[in-house]
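J.: Quick one: the structure is below, questions incoming.
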Amino acid sequence: MFRWERSIPLRGSAAALCNNLSVLQLPARNLTHFGVVHGPSAQLLSAAPEGVPLAQRQLHAKEGAGVSPALITQVHWCVLPFRVLLVLTSHRGIQMYESDGSTMVYWHALNSGDATPVQAVFARGIAASGHFICVGTWSGRVLVFDIPAKGPNIVLSEELAGHQTPITDIATEPVQGQDCVADMVTADDSGLLCVWQSGPEFTLLTRIPGFGVPCPSVQLWQGIIAAGYGNGQVHLYEATTGNLHVQINAHARAISALDLAPEVGKLLSAAEDTFVHIWKLSRSPESSYIEVEHCHGECVSDTQVCGARFCDSSGSSFAVTGYDLAEIRRFSSV
């Protein structure tokens with residue numbers, strides 16, 4: 001069971017974007033950072049365990065050519081082996097900051113030369129893999145940035161071509177020393193998933209075809225891909241083969257966010273139907289088949305949920321944002 005804790009107020013409501021919440025826990029300082037997109041700005045908040053907001057900061061999209069203000073599409077903390085960077089994507093480009101948002105260390109402008117006059121140019125989908133940060137784009141390409149241990153000497157090292165439609169989300173998991181391991185998955189607006197092996201050069205291992213609906217959110221845990229779709233379903237795939245093991249009719253409307261608590265294998269799903277569900281993933285000891293168990297369902301009344309994240313790696317608390325909701329709602333296990 002989970003209990004609604006004290007909410008954290010926002011200066012403005014959350015935009016109606018999928019995956020519109022990022023969480024960074026700082027156990028050493030007993031703080032949690034939250035990041036939420038609101039139009040042309042991103043709100044960063046620091047909160048104590050009891051939910052008291054201690055600091056707020058607003059970041060704005062860097063302006064480029066064009067008369068309209070650049071809209072932010074996502075904000076996400078990338079935890080690398082040696083540093084943490086805050087990455088912000090927009091219709092203009094990609095901005096990388098120190099973890100507290102105080103200093104911008106890198107700016108990458110999007111090249112709109114490949115876009116047709118009716119195409120929207122944007123970046124979306126952010127994940128860290130080793131010492132790389134991967135960012136998706138409107139064209140279906142994934143940009144791979146090589147991040148140094150310190151300083152601003154960030155380099156665009158590779159562009160991955162596996163998708164034909166805009167990237168929606170990217171998920172990674174740490175490599176545990178296995179050979180030919182599937183440690184990154186990318187999703188797009190057509191529902192196609194591409195499974196990659198990271199390294200000095202990224203290798204495409206397999207494609208999992210879509211079925212006519214977008215895949216707004218994807219997660220990866222111990223070789224299991226969890227994909228949330230626009231029809232409210234969650235599919236669980238074997239990452240190495242792309243085989244479908246489990247299909248869950250999880251929600252009545254489009255899924256807007258997935259998250260994983262890696263220590264315990266809990267999967268969080270949130271959707272536009274006002275519900276947040278928590279599932280337990282495991283493998284059968286006999287067959288190694290993927291199994292799933294429903295643990296909890298929470299209704300966030302009258303709210304189009306657009307972001308949801310666990311606040312710790314054990315899955316004992318989570319936070320939720322909603323369109324036109326001027327607060328972050330927090331829930332803790334009882």
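The values are calculated or read from the model by the stated rules, or taken from the named source; none is laboratory data. Computed from a prediction, not measured in an experiment: that's the story for all the values here. A quick note on method: Cβ atoms are made from the backbone with ideal geometry, for glycine too, and the neighbour counts reach across all protein chains shown. All accessible areas refer to the heavy atoms of the entire protein, side chains included, with ligands and DNA or RNA removed. Shrake-Rupley method; radii C 1.70, N 1.55, O 1.52, S 1.80 Å.
J.: Select from region 1-30 the residues that are within 18 Å of the chain's Cα centre (by Cα) and surrounded by fewer than 21 Cβ atoms within 10 Å (Cβ to Cβ) and write down the one among them that is nearest to Val276 (Cα to Cα).
T.: Keep residues of region 1-30 that are within 18 Å of the chain's Cα centre (by Cα), which gives 14-25.
Of the ones still in play, those that are also surrounded by fewer than 21 Cβ atoms within 10 Å (Cβ to Cβ) are 16, 25.
Details: Ala16: 16, Gln25: 21 Å.
Filtering first and then ranking leaves Ala16.
J.: Among (1) open to solvent by less than 20 Å² (accessible area, probe 1.4 Å); (2) without any contact (Cβ under 8 Å) to a residue 60 or more places away in the chain, there is one condition Leu54 misses while meeting the rest; what is its number?
T.: (1)
J.: Continuing with the same structure: Val79 - would you say it is among the aliphatic types (A, V, I, L, M) and closer than 20 Å to Tyr106 by Cα? Walk me through how you get there before you give the answer.
T.: On the way: among the aliphatic types (A, V, I, L, M): yes; closer than 20 Å to Tyr106 by Cα: yes.
Criteria met by Val79.
J.: On the given criteria, is Arg253 more than 23 Å from Phe310 (Cβ to Cβ), out of contact with any helix residue (DSSP H, G or I) (no Cβ under 7 Å at 6 or more places or on another chain) and of a type in the set (D, E, K, R)? Please lay out each step first, then the result.
T.: On the way: more than 23 Å from Phe310 (Cβ to Cβ): no; out of contact with any helix residue (DSSP H, G or I) (no Cβ under 7 Å at 6 or more places or on another chain): yes; of a type in the set (D, E, K, R): yes.
Against the criterion (more than 23 Å from Phe310 (Cβ to Cβ), out of contact with any helix residue (DSSP H, G or I) (no Cβ under 7 Å at 6 or more places or on another chain) and of a type in the set (D, E, K, R)), Arg253 does not qualify.
J.: Mind checking which residues of region 132-162 are in contact (Cβ under 8 Å) with a residue 60 or more places away in the chain and hydroxyl-bearing (Ser, Thr, Tyr)?
T.: Of everything in region 132-162, nothing turns out to be in contact (Cβ under 8 Å) with a residue 60 or more places away in the chain and hydroxyl-bearing (Ser, Thr, Tyr).
J.: What number of residues in region 272-299 are among the polar types (S, T, N, Q) and under 18 Å from Cys311 (Cβ atoms)? Break it down stepwise before answering.
T.: So the first thing to find is which residues in region 272-299 are among the polar types (S, T, N, Q), and the list is 274, 282, 284, 287-288.
Still in the running and under 18 Å from Cys311 (Cβ atoms): none.
Matching residues across region 272-299 total 0.
J.: Additional query: Mind checking whether some residue in region 31-42 is outside any loop (DSSP other than H, G, I, E, B), aromatic (Phe, Trp, Tyr) and buried (at least 16 other Cβ atoms within 10 Å of the Cβ)? Spell out how you get there, then give the answer.
T.: Taking region 31-42 as the starting set, the residues that turn out to be outside any loop (DSSP other than H, G, I, E, B) are 31-38, 41-42.
Narrowing the set further to residues that are aromatic (Phe, Trp, Tyr) leaves 34.
Keeping just the survivors that are buried (at least 16 other Cβ atoms within 10 Å of the Cβ) gives 34.
Yes, region 31-42 contains a residue that is outside any loop (DSSP other than H, G, I, E, B), aromatic (Phe, Trp, Tyr) and buried (at least 16 other Cβ atoms within 10 Å of the Cβ).
J.: Further question on the same structure: Criterion first (modelled with pLDDT of 95 or more and either buried (at least 22 other Cβ atoms within 10 Å of the Cβ) or farther than 23 Å from Ser314 by Cα (or both)) does Pro200 satisfy it? Working first, answer last.
T.: On the way: modelled with pLDDT of 95 or more: no; either buried (at least 22 other Cβ atoms within 10 Å of the Cβ) or farther than 23 Å from Ser314 by Cα (or both): yes.
For Pro200, the condition - modelled with pLDDT of 95 or more and either buried (at least 22 other Cβ atoms within 10 Å of the Cβ) or farther than 23 Å from Ser314 by Cα (or both) - is not met.
J.: Okay, moving on. Could you please let me know if Ser157 is of a type in the set (Ser, Thr, Tyr) and under 30 Å from Cys306 (Cβ atoms)? Before you say what the answer is, go through the steps one by one.
T.: Values: of a type in the set (Ser, Thr, Tyr): yes; under 30 Å from Cys306 (Cβ atoms): no.
No; evaluated as a whole, the condition is false for this residue.
J.: Looking at region 84-105, can you tell me whether even one residue there is more than 24 Å from Cys311 (Cβ to Cβ), open to solvent by 10 Å² or more (accessible area, probe 1.4 Å) and outside any loop (DSSP other than H, G, I, E, B)? Even if it seems obvious, please write down each step before you answer.
T.: So in region 84-105, the residues more than 24 Å from Cys311 (Cβ to Cβ) come out as 90-95, 103-105.
With open to solvent by 10 Å² or more (accessible area, probe 1.4 Å) added as a condition, the list becomes 91-92, 103-105.
Now restrict to residues that are outside any loop (DSSP other than H, G, I, E, B): 104-105.
Among the residues of region 84-105, at least one is more than 24 Å from Cys311 (Cβ to Cβ), open to solvent by 10 Å² or more (accessible area, probe 1.4 Å) and outside any loop (DSSP other than H, G, I, E, B), which makes the answer yes.
J.: With respect to the numbered conditions (1) surrounded by fewer than 16 Cβ atoms within 10 Å (Cβ to Cβ); (2) of a type in the set (A, V, I, L, M); (3) assigned to a strand (DSSP E or B), which one is the sole condition not fulfilled by Ile133?
T.: For Ile133, the failing item is (1).
J.: Right, next: Hey, among the residues in region 306-328 that are part of a strand (DSSP E or B) and open to solvent by 40 Å² or more (accessible area, probe 1.4 Å), which one's nearest to Arg11 (Cα to Cα)?
T.: We begin by selecting, within region 306-328, every residue part of a strand (DSSP E or B); these are 306-310, 317-323, 327-328.
Going one step further and asking which of them are open to solvent by 40 Å² or more (accessible area, probe 1.4 Å), we end up with 323, 327.
Working: Tyr323: 13, Glu327: 8 Å.
If we take residues in region 306-328 being part of a strand (DSSP E or B) and open to solvent by 40 Å² or more (accessible area, probe 1.4 Å), then Glu327 is nearest to Arg11 (Cα to Cα).
J.: Take the residues of region 276-291 that are touching a His at 6+ places or on another chain (Cβ under 9 Å) and over 16 Å from Ser314 (Cα atoms): which is most open to solvent (accessible area, probe 1.4 Å)?
T.: Here is the first cut: in region 276-291, the ones touching a His at 6+ places or on another chain (Cβ under 9 Å) are 276-280, 289-291.
Remaining after also requiring over 16 Å from Ser314 (Cα atoms): 276, 289-291.
Working: Val276: 1, Tyr289: 110, Ile290: 5, Glu291: 87 Å².
Ranking the candidates gives Tyr289 first.
J.: Sticking with this structure for a sec: Here is a check on your reading of the model: is Thr165 modelled with pLDDT of 95 or more and part of a loop (DSSP other than H, G, I, E, B)?
T.: On the way: modelled with pLDDT of 95 or more: yes; part of a loop (DSSP other than H, G, I, E, B): yes.
Here the answer is yes, as Thr165 does meet what is asked.
J.: Looking at Ala257, Ala271, Ala226, which one is more than 19 Å from Ile126 (Cβ to Cβ) and surrounded by 18 or more Cβ atoms within 10 Å (Cβ to Cβ)? Reasoning before the result, please.
T.: Values: Ala257 fails: more than 19 Å from Ile126 (Cβ to Cβ); Ala226 fails: more than 19 Å from Ile126 (Cβ to Cβ).
Among Ala257, Ala271, Ala226, only Ala271 is more than 19 Å from Ile126 (Cβ to Cβ) and surrounded by 18 or more Cβ atoms within 10 Å (Cβ to Cβ).
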